[in-house]
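A short worksheet on the structure shown next.
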Amino acid sequence: MKTKRNFLSIFMALLLFSCFENKEKTFENSEDIPVNREMIAELTSPPNVPTPVGRRKAKKLIVKMEILEKEGEITDGVRYVYWTFGGTVPGSFIRTRVGDEVEFHLQNHPDNKLPHNIDLHAVTGPGGGAESSFVAPGHEKVFSFKTLNPGLYVYHCATAPVGMHIANGMYGLILVEPEGGLPLVDKEYYIMQGDFYTKGANGERGLQPFDMQKAVDENADYVVFNGKVGALTGDNAITAKVGETVRLFVGNGGPGLVSSFHVIGEIFDKVHIEGGEKINENVQTTLIPAGGAAIVEFRVDVPGTFILVDHSIFRAFNKGALGMLKVEGEENKKIYSGEIRDDIYLPEGPGIQEMPTTDEIVESEIPAKSFEEQMKFGKQAYMQTCFACHQAEGQGVPNAFPPLAKSDYLNADVNRAIDIVLHGKSGEITVNGQKYNSVMTKQMLSPDEIANVLTYVYNSWGNSKQVITKDMVEKVKNKK
Ligand SMILES: [Cu+2]
């Protein structure tokens, strides 16, 4: 009897012990996760993210975030006073794990003009921290919170007028990784969409103040990734190699618009819907609400430039919501053949198609005053219109779009080039020994813009360095 009872109690003890052990590993309640030691959080500016948490234990994590009000460029020649967390839009990326005790130091730089605060959607508590963090210039506020729910969360300023603080760039992302961390991938990037409202129209140069009425109407002049037009294009593109898995932490600061996030030429293998735990697979476009986020993952299988867009597509091509992922590596013709053949197909006759005519070709553009300005404005016009077909370096696309770089056809006759931009072009032509027989539609540009864009083309990529004036364009225009 006694031995039996002994046996039973040992058994019970073992059972208890194993339960206890188990519990220590998983923790039903995140608030029970103990923190061991202190650590200064690594903060990164977009598009970079800090090192994954991996298997590290929960810690007391010290975050020092400095608010800076500073002037920047929203697009070429258009300046804007951004209000930032950490000097960038979006603000510094914060990477934590579930159970961390975050000691948040919000520092308002003494040169700033306004008080600010921070509402982190990862916080369980009134105002997400906003009430404890309201801080005047030249002060630092400290508060702390425990990360209870894994996920990708937005943080933003919540000082009145809240919409204005957010519109000026006061938002960012904080990631709370689950126990043991997210599965490791090859490349991780940080992208956040935002909409901007300026007194002047899109592209109007100079320092542009915030426009409250446009913001209230949700009539954005710019919709961009990472704070400005071109933050993720050209030399700023994010990169990967064929065969790698890419993870994008995508947020939307708003303040007004919802994003239909899409990568042209890719399918998301996995999407952590709304930044939470649920994973959807094989997704083309994922919705990212204002003040929300998503984690998207995909393996890149073929090389090329993949375009990131808000698929509300005028925002991408006309307001700036466009980024690039450049993938290098071996082609895989089985997955994607590339163009196999180009045959002419003109069911409606060989006439030149025209854009619907509009009286709105804006003549109000400030004319360029110098050669440098002509080059600058010309480049902008080129990147907005000609680029799509003739490519960034004027190299063209074989069998489809003739090159403008070192083009013998272009350099032989200035008036003919002006005529082509004014009226479009069809029929066979030979450029650098290659035959093209296609259609270029008439370009909707003012004489000033045509002079600038052609001056830029003639003075780039080994061309004949001619300067085209508005008068020259008008002469050709009036001949017809
Ligand atoms: Cu603020």
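Counting only DSSP beta bridges with both residues in the chain, the antiparallel share comes to about 70 percent.
Average projection, convex hull of the Cα set of segment 42-110: 5.4 square nanometres. Solvent-accessible area per residue in the chain equals 52 Å², computed with a 1.4 angstrom probe and all protein chains kept. Using +1 at the C-beta of Lys and Arg and -1 at the C-beta of Asp and Glu, which of PRO150, GLY127, PRO110 has the Cα lying farthest in the positive direction of the dipole of segment 96-201? Towards the positive end, the residue furthest out is PRO110.
Considering only PRO161, ILE288, ALA240, whose Cα is most displaced toward the positive end of the charge dipole of the chain, charges sitting on Cβ of Lys, Arg (+1) and Asp, Glu (-1)? Most positive-ward Cα: ALA240.
Taking a Cβ cut-off of under 12 Å around VAL224, the surrounding Lys, Arg, Asp and Glu residues balance to a net charge of -1, with basic ones at +1 and acidic ones at -1. Charging the Cβ of each Asp and Glu at -1 and of each Lys and Arg at +1, and nothing else, the dipole of the chain about its Cα centre rounds to 1120 debye.
Counted over segment 167-256, the DSSP beta bridges are approximately 40% antiparallel. Computed from backbone phi, the HN-Hα couplings of segment 118-132 come to 9, 10, 9, 5, 8, 8, 9, x, x, x, x, x, 4, 5, 9 Hz, rounded to whole numbers (Karplus: 6.51 cos²θ - 1.76 cosθ + 1.60, θ = phi - 60°; Gly and Pro given as x). The Cβ shell under 13 Å around SER92 holds other residues with a net charge of 0, Lys and Arg each +1, Asp and Glu each -1. For the peptides 150-156, 460-466, the ranking by packing is 150-156, 460-466, with the highest mean count of neighbouring Cβ atoms within 10 Å listed first. Computed over neighbours whose Cβ is under 14 Å from that of TRP461, the net charge equals +1, Lys and Arg +1, Asp and Glu -1.
Pairs spanning more than 27 Å between alpha-carbon atoms, out of LYS199/LYS376; LYS376/LYS475; LYS278/LYS333; LYS326/LYS442: LYS278/LYS333; LYS326/LYS442.
Entry note, the chain: the mean residue ellipticity at 222 nm calculated from DSSP H runs of n ≥ 4, each adding -39500 (n - 2.57), is -5500 deg cm²/dmol after division by the residues and rounding to the nearest 500.
Along the charge dipole of segment 252-337, pointing to its positive end and built from +1/-1 on Cβ of Lys, Arg, Asp and Glu, which listed residue (GLY253, SER312, ILE279) has its Cα farthest out? My answer, from the dipole projection, is SER312. Relative contact order of segment 123-255: what whole-number percent is it, with Cα pairs under 8 angstrom and at least 6 residues apart? Relative contact order here is 27 percent.
Placing +1 on each Lys and Arg Cβ and -1 on each Asp and Glu Cβ, with no other charges, gives segment 15-144 a dipole about its Cα centre of roughly 400 debye. Using a cutoff of 8 angstrom between alpha carbon atoms and counting only pairs six or more residues apart, the relative contact order for segment 52-191 works out to 29 percent.
In order along segment 328-343, the Karplus-derived 3J(HN,Hα) couplings, from 6.51 cos²θ - 1.76 cosθ + 1.60 at θ = phi - 60°, round to 10, x, 6, 5, 9, 5, 6, 6, 8, 6, x, 5, 9, 7, 10, 10 Hz, and Gly and Pro are given as x. Computed from the alpha carbon positions, the gyration tensor of the chain leads to an equivalent ellipsoid with semi-axes of 53, 29, 16 Å, biggest first. Packing order of peptides 381-387, 220-226, highest average first: 220-226, 381-387 (average count of other Cβ atoms within 10 Å over each peptide's residues).
Averaging the sequence gap over all C-alpha pairs within less than 8 Å and six or more residues apart, then dividing by the number of residues, gives the chain a relative contact order of 10 percent. A compact globular protein would have a Cα radius of gyration near 2.2 N^0.38 Å; the ratio found for segment 150-209 is 1.60. Quick check on segment 66-121: of the DSSP beta bridges with both residues there, what percent are antiparallel, nearest 5%? For segment 66-121, the DSSP antiparallel bridge percentage is about 80.
The values are calculated or read from the model by the stated rules, or taken from the named source; none is laboratory data. Since this is a predicted model, take the numbers as computed values, not measurements. Positions of Cβ are backbone-derived with ideal geometry, glycine not excepted, and every protein chain shown enters the neighbour counts. Areas reflect the complete protein model, heavy atoms only, side chains present, ligands, DNA and RNA absent. Shrake-Rupley method; radii C 1.70, N 1.55, O 1.52, S 1.80 Å.
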